Amino acid sequence: MRVTLLGTGDTTGTPTVGCDCDTCEAARERGVSRSRFSVHVANERTGESLLVDFSPDFRQQFLAADVPLPDAGLVTHIHFDHLDGLGNVYRLVDGLPVHAPAETDPATDESVAETIRDKYDYLEDRIGVHARDPFEPFETCGFEVRFVPVDHPPLLCYGVAIEDPETGAKLSLTGDTSYDVPESSREELSDADLLLADAIVPASLCEHHPIGGRHEGPDGVPRTFGTKHMTREGALALAADLDADRTRLVHLAHYYPADEAFEEPLAVDGEVYEL
């Protein structure tokens, strides 16, 4: 399993357009980027590849990483920075299976799969949307995959566990989430060779959020920034709970102080991992 981090940033990415903060300037000086979230997972055994979330930066990500177009895709939730790149597959692929959760979201009265069908009806001859029940395994690109519920109000959102049944390699992604990941989902995400964990900002920035932080640890440090995303400290606490062999922090905002923004284990675009 070859994992390429195509996009490791939050909604605006780093550098953020029109921003001259120290962190964005440092990114420019280093020649690094954190574009909107997306992960490419190649099955080197079968020669197939799977894309987790369709970033609005799809085109530039694939050109920069020089990875093959996907044979299938997953969508974790319907926020634009994870979905709006799907339109890029027009005239690039033919018959792309797109797997998405089947659970009806009370906030939208439809599932993620149904939203994709409605929003991208013009792609009906290019993609096939497959609705998948949470926790139920399905096979794609030679992998066994599960969507698992996480906590990203007000929408339903899902993490993903991807395993190679032949080699035992496992990749877990938290998806966009607070620290309040259900125990049943933690069990499915546990024991990964590589964990990609949402860590939008350091906990120190919670004081700047209108509602502060939540889910404080024993040390009083918030593990959730507001209600939607984990802090760096929360993501690392979750990684310890999940017993991940290796953790990379993703979905990172440009609000990290410049002297912390590129320290381990914060990821940048283009990192590659062999599992």
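Miscellaneous remarks
- What the Cβ-Cβ distance of R28 and D219 gives, at R0 = 35 Å and to the nearest 0.05, is a FRET efficiency of 0.50.
- Full-stretch length increase - E187, R45 - with 0.36 nm per residue and alpha-carbon distance subtracted: 48.4 nm
- Using just its DSSP H runs of length 4 or more, each adding -39500 (n - 2.57), the chain gives a mean residue ellipticity at 222 nm of -4500 deg cm²/dmol after division by all residues.
- Peptides 146-155, 246-255 ordered by packing proxy, namely the average of other Cβ atoms within 10 Å per residue, highest first: 246-255, 146-155.
- Accessible-area composition of region 186-275, carbon plus sulfur, in percent [1.4 Å probe]: 47
- Cα gyration tensor category, rounded, prolate or oblate, for region 208-265 with a/c compared to 1.5: oblate
- Note on E264 and V17: the model spin-label points, each 7 Å out from Cα along the C-beta direction, lie 3.6 nm apart.
- Three-way shape label, region 63-196, alpha-carbon gyration tensor, a/c 1.5: oblate
- The HN-Hα couplings worked out from phi for region 253-267 by the Karplus form 6.51 cos²θ - 1.76 cosθ + 1.60 (θ = phi - 60°) are 8, 6, 7, 4, x, 4, 7, 10, 5, 10, 7, 5, x, 6, 8 Hz, whole numbers, x standing for Gly and Pro.
- DSSP beta bridges fully contained in region 141-211 are about 80 percent antiparallel.
- Residues E207 and L92, FRET efficiency given R0 of 51 Å [Cβ-Cβ distance, rounded to 0.05]: 0.70
- Rolling a 1.4 Å probe over the protein heavy atoms gives region 1-84 an accessible area of 39 Å² per residue.
- Overall form of the chain per C-alpha gyration tensor (a/c, 1.5; a/b vs b/c): rounded
- Between the alpha-carbon centres of region 93-117 and region 1-65 there is a gap of 23 Å.
- Region 223-275 and region 165-218 have Cα centres spaced 9 Å apart.
- The chymotrypsin sites (Phe, Trp or Tyr not before Pro) found in region 1-92 that occupy coil by DSSP, while having at most 13 further C-beta atoms within 10 Å, are Y90.
- Fraction of antiparallel bridges per DSSP, the chain only, in percent to nearest 5: 60
The values are calculated or read from the model by the stated rules, or taken from the named source; none is laboratory data. Everything quoted here is computed from the prediction, not taken from an experiment. Ideal geometry is used to build each Cβ from the backbone, glycine not excepted, and the neighbour counts take in all protein chains shown. Accessible surface areas use protein heavy atoms only, side chains included; no ligands, DNA or RNA. Shrake-Rupley method; radii C 1.70, N 1.55, O 1.52, S 1.80 Å.
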